[in-house]
Amino acid sequence: MAPWTSADIPDQTGRTFVVTGANSGLGLVAATELVAHGAHVVLACRNTDKGEQAAARIAADGGPGTTAVEELDLADLASVRKFAARLEGPVDVLINNAGLMAIPEQRTVDGFEMQFGTNVLGHVALTGLLLDRLTDRVVTLSSQMHRLGSIRLDDLNWERRRYQRWLAYGQSKLADLMFAYELERRFVAAGSSLRSMAAHPGYSATNLQSRTESFQDAVMGVFNRIVAQGPEMGALPELHAATVPDLPGGVYIGPDGPAESWGHPIPVGSTAASHDREVQKALVRACEEMTGITVSVG
């Protein structure tokens with residue numbers, strides 16, 4: 001079969017997508033492609049000025065779809081609640097795209113470790129608040145770095161151990177993947193027609209690699225130029241997961257190239273730890289307790 005590309009996205013006319021972090025990187029590419037295929041895309045962005053600039057860029061491409069810019073700070077649960085309260089009408093697809101990578105130790109507005117709070121808790125809360133309006137599926141972005149992660153249910157916020165930025169990132173991306181799997185299990189158990197899937201972009205050059213506030217920014221900048229694929233290719237797995245009509249729930253989509261670093265989207269595997277059902281359940285319960293928002297299906 002020919003490799004899947006953005007040209008294979010079916011017509012999305014009449015469908016509404018919410019894309020977090022849609023003002024740059026993978027989220028901007030995904031939003032642009034969805035609009036090019038007729039969708040209405042809500043650009044859920046922390047900085048609405050940048051969101052409006054992104055919307056103008058998308059409009060300049062002349063796609064038949066439309067956009068709306070809405071403020072969403074995933075590191076602030078009050079912002080997540082306000083976003084969900086403002087959002088009107090049904091949503092066909094939620095793409096949990098936004099994220100932070102390997103940043104210095106910081107805390108969210110609510111006191112959570114920033115990578116876990118943003119990458120995981122913000123998206124779990126958003127998903128829970130939008131479930132009653134979703135009609136098709138949820139796509140959650142993970143990473144090959146989930147292989148580095150482990151879930152410390154007794155210390156998800158890095159309060160009992162010395163903070164290590166890459167291990168914290170790995171934990172957050174493993175948690176995102178496990179959330180996607182547990183959400184699919186809940187959909188199936190409830191007899192819901194909704195689907196949950198996950199995706200990862202491989203090694204893609206985005207602005208994530210410039211936020212470590214360390215020498216690593218320069219090192220990753222070099223690798224971005226000589227090794228990484230561009231965001232246009234990096235966004236394909238999430239676009240595939242979000243738009244292929246008959247894609248089964250619970251699938252994980254990534255690049256087909258060596259070490260899943262680059263290439264075209266296909267179903268890929270994940271670590272044994274990511275499939276631990278008991279930890280999946282305990283993790284999502286912990287996220288629900290931390291956010292005060294239940295991911296209730298049906």
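The values are calculated or read from the model by the stated rules, or taken from the named source; none is laboratory data. These numbers were taken from a predicted model, which means no experiment stands behind them. We place every Cβ from the backbone using ideal geometry, glycine too, and count neighbours over all the protein chains shown. Calculation scope for accessible area: heavy atoms of the full protein, side chains included, ligands and nucleic acids excluded. Shrake-Rupley method; radii C 1.70, N 1.55, O 1.52, S 1.80 Å.
Selection within region 258-298: residues that are in a loop (DSSP other than H, G, I, E, B) and touching a Phe, Trp or Tyr at 6+ places or on another chain (Cβ under 8 Å). The member of this set that is nearest to L174 (Cα to Cα) is S270.
Table: residues versus (1) surrounded by fewer than 23 Cβ atoms within 10 Å (Cβ to Cβ); (2) assigned to a helix (DSSP H, G or I); (3) aromatic (F, W, Y).
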position: P3; (1), (2), (3): yes, no, no
position: D11; (1), (2), (3): yes, no, no
position: N23; (1), (2), (3): no, no, no
position: V35; (1), (2), (3): no, yes, no
position: A78; (1), (2), (3): yes, yes, no
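Within region 160-174, restricting attention to residues that are farther than 21 Å from I266 by Cα and touching a residue at least 24 places away in the same chain (Cβ under 8 Å), the residue that is surrounded by the most Cβ atoms within 10 Å (Cβ to Cβ) is S172.
Scanning region 97-119 for residues that are farther than 24 Å from L34 by Cβ and not in a loop (DSSP other than H, G, I, E, B) returns R107, E113, M114, Q115, F116, G117.
Between A54, A39, A75, the distinction of being at pLDDT 95 or above and out of contact with any Gly (no Cβ under 7 Å at 6 or more places or on another chain) belongs to A54 only.
Of note, L94 satisfies the criterion of being surrounded by 24 or more Cβ atoms within 10 Å (Cβ to Cβ) and either within 12 Å of the chain's Cα centre (by Cα) or in a helix (DSSP H, G or I) (or both). A single member of P90, P64 is over 20 Å from R133 (Cα atoms), in contact (Cβ under 8 Å) with a residue 12 or more places away in the chain and not β-branched (V, I, T), and it is P64. Answer with yes or no whether M220 is modelled with pLDDT under 95, assigned to a helix (DSSP H, G or I) and of a type outside the set (S, T, Y). Answer is yes for this residue.
The set of residues in region 41-73 being open to solvent by less than 60 Å² (accessible area, probe 1.4 Å), in a strand (DSSP E or B) and closer than 23 Å to A125 by Cβ consists of V41, V42, L43, A44, C45, A68, V69, E70. Residue count for region 240-298 satisfying the condition of being loosely packed, with under 14 Cβ neighbours inside 10 Å and of a type in the set (F, W, Y): 0. Contact annotation: residue pairs with Cβ atoms under 8 Å, 6 or more positions apart or on different chains, pairing a residue in region 100-114 that is open to solvent by less than 30 Å² (accessible area, probe 1.4 Å) with a partner that is among the aromatic types (F, W, Y), are M101/Y169; A102/W166; A102/Y169; E113/W158; E113/Y163. Residues of region 133-159 that are part of a helix (DSSP H, G or I) and either of a type in the set (S, T, Y) or surrounded by fewer than 19 Cβ atoms within 10 Å (Cβ to Cβ) (or both): R133, M145, R147, L148.
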